[in-house]
Amino acid sequence: MARPAEKQEQEFIERLVGINRVAKVIKGGRRFAFSALMVVGDGKGRVGFGIGKAREVPEAVRKATEQAKRNMIRVPLREARTLHHDVHGRDGAGRVFLRAAPAGTGIIAGGPLRAIFEALGVQDVVAKAIGSNNSFSMVNATFDAMKNMQSPRQIAARRGKKVSDIVAGRDTDPSDAPAAATEE
């Protein structure tokens, strides 16, 4: 019975984004504790993050991992490779811009954003963090952006159209559009 649970544990990609040491000043001096930020994903479009606090680092990491597994969200991916559309998110002073990228681009993102995309299973994306470089703010802003992500199927269902109508103009070259408009 324990084997399926062990196999389920193995399929998650876990990334440690950051560890902070915090001090509480008490009568006898300082008491140190640790805060860990973890990102967990299945590499197939599900990702979550968690924050754990404890007196020891391994315990903080364990708590953060458990919270990340409980708080996973599904992000719609295009061809299981990149995002469907450009999106931005914010949390406090931290803002992130996520852009879909053509095949072969790779993950162009720094720090916490790279960890999220690796755990998510995205292979091609361009991301820019503006404002706060605090890991917690950047992760929250990225998840805010990903919660606003919609697939063409969701948009078509909401608008009562076919998916082909929604994605028809997606891959056209933007330089062709003004030329066609001037010819008319």
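None of the figures in this text is laboratory data; all of them are computed from the coordinates on show. Predicted, not measured: the structure shown is a model, and the values here were computed from it. For neighbour counting, all protein chains shown are included, and Cβ atoms are generated from backbone atoms with ideal geometry for every residue, glycine included.
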> Considering amide H positions built from the backbone, and no H for Pro or chain starts, which residues 5 or more places from Ile13, or on another chain, come under 5 Å of its amide H?
Replying inline: Gly41, Asp42, Gly43
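Please compute the contact order of the stretch 7-160 in relative form: average sequence separation of alpha-carbon pairs under 8 Å and at least six residues apart, divided by the residue count, as a percent. Could you put the intermediate results ahead of the total?
Working: 361 pairs, mean separation 32.7, N = 154.
21 percent.
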> With each pseudo-label sitting 7 Å past Cα toward Cβ, what's the Glu59-Val163 distance in nm, one decimal?
Replying inline: 4.8 nm
> Which one of Met138, Gln123, Thr82 has its Cα pushed farthest toward the positive end of the charge dipole of the stretch 7-160, where Lys and Arg give +1 and Asp and Glu give -1 at the Cβ?
Replying inline: Met138
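Scan the chain and report its longest stretch carrying no trypsin sites (Lys or Arg not before Pro) that are both in a DSSP loop and have at most 10 other Cβ atoms within 10 Å. Could the numbers behind the result be given before it?
Details: sites that count: Lys27, Arg55.
The answer is 56-184.
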>> Please compute the modelled spin-label separation between Ala23 and Phe97, points set 7 Å along Cα→Cβ, answer in nm with one decimal.
In response: 4.0 nm
>> Whole-Hz ³J(HN,Hα) for each residue in the stretch 94-100, computed from phi via Karplus 6.51 cos²θ - 1.76 cosθ + 1.60 with θ = phi - 60°, x for glycine and proline: what do you get?
In response: x, 10, 10, 10, 10, 10, 5
>> Just to confirm a number: summing +1 for Lys and Arg and -1 for Asp and Glu over residues other than Leu77 whose beta-carbon lies under 13 angstrom from that of Leu77, what do you get?
In response: +3
>> Through the Karplus equation 6.51 cos²θ - 1.76 cosθ + 1.60, θ set to phi - 60°, convert the phi angles of the stretch 15-32 into ³J(HN,Hα) values in whole Hz; use x for Gly and Pro.
In response: 10, 7, 8, x, 10, 10, 9, 10, 10, 10, 7, 10, 4, x, x, 10, 10, 9
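Which order results if Leu77, Leu16, Leu120 are arranged by neighbouring Cβ count within 10 Å, fewest first? Walk me through the intermediate numbers first.
Working: Leu77 20, Leu16 14, Leu120 26.
In increasing order of surrounding Cβ atoms, one gets Leu16, Leu77, Leu120.
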> Amide H neighbours of Ile107 under 5 Å, counting only residues 5+ apart in sequence or on other chains, H built in-plane at 1.01 Å?
Replying inline: Val125
>> From the gyration tensor of the Cα coordinates in the stretch 7-160, what semi-axes in whole Å does the equivalent ellipsoid have, largest first, with each one equal to sqrt(5λ)?
In response: 31, 17, 13
>> Can you give me the angle between helix 57-70 and the longest principal axis of the chain, using Cα atoms only, in degrees from 0 to 90, rounded to the nearest 10?
In response: 40 degrees
> Going by how many other Cβ atoms sit within 10 Å of their own, how do Ile130, Ile116 line up, fewest first?
Replying inline: Ile130, Ile116
